[in-house]
1. Output the number of residues of segment 61-74 satisfying the condition of being free of Cβ contacts under 8 Å to residues at least 40 places away in the same chain, surrounded by fewer than 16 Cβ atoms within 10 Å (Cβ to Cβ) and touching a helix residue (DSSP H, G or I) at 6+ places or on another chain (Cβ under 9 Å).
2. Among the residues of segment 116-169, count how many are of a type in the set (Phe, Trp, Tyr) and either under 30 Å from Asp247 (Cα atoms) or open to solvent by 70 Å² or more (accessible area, probe 1.4 Å) (or both).
3. For the subset of segment 263-283 comprising residues that are more than 16 Å from Pro54 (Cβ to Cβ) and small (Gly, Ala, Ser), which member is surrounded by the most Cβ atoms within 10 Å (Cβ to Cβ)?
4. Within segment 226-256, count every residue that is in a helix (DSSP H, G or I) and closer than 18 Å to Leu283 by Cβ.
5. Assess whether Thr229 counts as being under 26 Å from Thr142 (Cβ atoms), among the hydroxyl-bearing types (Ser, Thr, Tyr), in contact with a Phe, Trp or Tyr (Cβ under 8 Å, 6 or more places away or on another chain) and touching a residue at least 40 places away in the same chain (Cβ under 8 Å).
6. For segment 65-91, how many residues meet the condition of being within 30 Å of the chain's Cα centre (by Cα), closer than 16 Å to Val275 by Cα and not aromatic (Phe, Trp, Tyr)?
7. Report, by residue number, each residue of segment 144-200 that is of a type in the set (D, E, K, R), more than 30 Å from Gln212 (Cα to Cα) and touching a helix residue (DSSP H, G or I) at 6+ places or on another chain (Cβ under 8 Å).
8. Among the numbered criteria (1) open to solvent by less than 80 Å² (accessible area, probe 1.4 Å); (2) over 28 Å from Val215 (Cα atoms); (3) assigned to a loop (DSSP other than H, G, I, E, B), which single criterion is violated by Asn101?
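The values are calculated or read from the model by the stated rules, or taken from the named source; none is laboratory data. Predicted, not measured: the structure shown is a model, and the values here were computed from it. Note: ideal-geometry Cβ built from the backbone for every residue, glycine included; neighbour counts use all protein chains shown. For accessibility, only protein heavy atoms count, side chains too; no ligands or nucleic acids. Shrake-Rupley method; radii C 1.70, N 1.55, O 1.52, S 1.80 Å.
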Amino acid sequence: MTDLSHLPGSATDRLRPVGRSAGEPVARPRRRFRLPFSPWHLLLAPLALLFAVPLIWLGLSSVMSDAEINRFPPALWPSGIHLGGYRFVLGNAMFPRWFANSLIVSAVAVFSNLLLGTLGGYAFARMRFGGSRVLLVLMLATMAIPFQLTMIPTFLVMRKLGLVDTLGALIVPSLVTPFAVFLLRQFFLSLPRELEEAAWIDGCSRLRVLFQIVVPLSRPALSTVAVLTFLTTWNDLSWPLIALNHDANYTLQLGLTTFRGQHHTQWSAVMAGNVITVLPVLLAFLAAQKTFVRSITSTGLKG
C-alpha cells in the first residue's frame, strides 16, 4: 500500500497547525490563574472585618470587669469570663419590663406600618384621584424634615391627647411612616397590572385584589419595611427620652441610660445590656438580609 502522508494536502498536513513543522512539539495553552472567589471579596472582607470590630469589642467588654474596661490603655482581651454585668442587668427588676415595653412598641409599629403602608402605597400606585401627585410630593417632603424640628409639635399633640408618659406616646407617631408608603408604592408599580385586571373581571373587589393577589407578591418589600421599622423603633432613644418620665414606662434603650451615674458608671452592666439589646436587632437583620436585595432590585424608581 502506498504511503501518501508525505504528499501535500494529506490528512497529516491538515491536522498539523499552520506554520509548524512535523518535528516541532505542540505548545499547550497557558492556564489562567483564577481565584476560587470573586475578586471583590479581597476588598469586602477587610471592610466587613472593620465594621465588625465594634460588635466584637462589645461582646468582649461585656465579659470584662469594670477595672479592665476602665484601664488605660484598654485591655484587648479579657483576663477571664466575668459575668457580673449580666447578673446585674438580668437581676434588675425593671429590665424585663423595659424589654417588654420595647417589644410592644416595636411590634405595634411594625404591624401598623405594614397595614397602613400597604393601603397608602397601593392607593398612590394604582388609584388616580384629585391631588394625588401633590399629596405624594408633600409626603415625601416630610422625609427631609429633621426630627428636631417636629419634636416639640409632636410632644404638644401627645400632651393634648393625654398620651405623655405612656407607651401610646411612642406608638402613635410611629403608626405609619412616609418611607413605608413610598417603598411599597414603588414595589406595587413594578407588578404587572394584568394580574389585577384579571381578578377584577372575575368580580373581585379592590381590597380583595390587594390582600389576596398583590400582598402575597410583595413579600420582599413587606419584609424590608418590617425589618427597617423594627430597627428604627427598637433603637430609638431621643423620642422616649422626651415623652416618658417614669421608669416603669421606659423602653430598653432608655432604661440602659440609668446604669450610667453622675459619679460612677457600671460599664460592664452597660456593655452586657447593650449585647442583650443588639441580639434581637442582629437576628432580625440576618433573617431578612436576602429580602433587602430582592426588594431594592424590584423597586427601583419607577413612576
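1. Qualifying residue count, segment 61-74: 1.
2. Narrowing segment 116-169 to residues of a type in the set (Phe, Trp, Tyr): 122, 124, 129, 147, 155.
Narrowing further to those that are either under 30 Å from Asp247 (Cα atoms) or open to solvent by 70 Å² or more (accessible area, probe 1.4 Å) (or both): 129, 147, 155.
Residues in segment 116-169 being of a type in the set (Phe, Trp, Tyr) and either under 30 Å from Asp247 (Cα atoms) or open to solvent by 70 Å² or more (accessible area, probe 1.4 Å) (or both): 3 in total.
3. Among residues in segment 263-283 that are more than 16 Å from Pro54 (Cβ to Cβ) and small (Gly, Ala, Ser), the one surrounded by the most Cβ atoms within 10 Å (Cβ to Cβ) is Ser268.
4. We begin by selecting, within segment 226-256, every residue in a helix (DSSP H, G or I); these are 226-234, 238-243, 247-249, 252-256.
Filter again for closer than 18 Å to Leu283 by Cβ, leaving 226-234, 252-253.
So the answer is 11.
5. Values: under 26 Å from Thr142 (Cβ atoms): yes; among the hydroxyl-bearing types (Ser, Thr, Tyr): yes; in contact with a Phe, Trp or Tyr (Cβ under 8 Å, 6 or more places away or on another chain): no; touching a residue at least 40 places away in the same chain (Cβ under 8 Å): yes.
Judged against the criteria, Thr229 is not a match.
6. So the answer is 3.
7. Residues of segment 144-200 of a type in the set (D, E, K, R): 159-160, 165, 185, 193-194, 196-197.
Remaining after also requiring more than 30 Å from Gln212 (Cα to Cα): 159-160, 165.
Once the filter is applied, which keeps residues that are of a type in the set (D, E, K, R), more than 30 Å from Gln212 (Cα to Cα) and touching a helix residue (DSSP H, G or I) at 6+ places or on another chain (Cβ under 8 Å), segment 144-200 yields only Asp165.
8. (3)
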